[in-house]
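Shown next, in structure tokens, is the structure this report addresses.
Please treat every number below as a calculation from the coordinates, not as lab data. This one's a predicted model, so the numbers in the text were calculated from it and none came from an experiment. Every residue, glycine among them, receives a Cβ derived from its backbone with ideal geometry; neighbour counts consider all protein chains shown.
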Amino acid sequence: MESRNAGFYVADTRVSLDSIVYAFLDGQSPESILEDFETLSLEQVYGAIAYYLANQAAVDAYLSAQQRRVEVMRRSAKPLDPSLRARLLKAREQLRVGSE
């Protein structure tokens, strides 16, 4: 693991420890977590889980702090312009229909 930008990441990747820990806590196996993060090796996934288990109290405190920070940002964010929201929803629907 490496610490950068006030977060923890799998060394030399852009994959956050948060992502792996939340998947692990959600009951996903290391192999299924690997399917979500194709840039990682199985060894890196197991390493992230081992890091979490060895430092569980500190990582849980970090995750709680991250959740509080996100909630503060969410509350202080300006609402999305209704016309932009409508265009985004329309584009999402077009992508969904086009991929079927």
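Quick rundown of the values:
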item: Length gained when the stretch residue 5-residue 57 is fully extended (0.36 nm per residue, less Cα-Cα span); result: 16.6 nm
item: Label-point separation, residue 65 to residue 43 (7 Å along Cα→Cβ), nm; result: 3.1 nm
item: C-alpha long axis of helix 42-54 to longest principal axis of the chain, angle in °; result: 70 degrees
item: Pairwise centroid distance, computed over Cα atoms, of segment 8-31 with segment 59-100, Å; result: 21 Å
item: Length-normalised contact order of the chain in % [C-alpha pairs under 8 Å, at least 6 apart]; result: 17 percent
item: Rounded tilt (10° steps) of 56-76 against the dominant C-alpha axis of the chain; result: 20 degrees
item: Value of [θ]222 nm, deg cm²/dmol, for the chain, DSSP H segments ≥ 4, -39500 (n - 2.57) each, nearest 500; result: -21500 deg cm²/dmol
item: Normalised convex hull volume, segment 58-100, alpha-carbon set, Å³ per residue; result: 79 Å³
item: Förster-model FRET efficiency, 25 Å R0, residue 94 and residue 36, C-beta, rounded to 0.05; result: 0.50
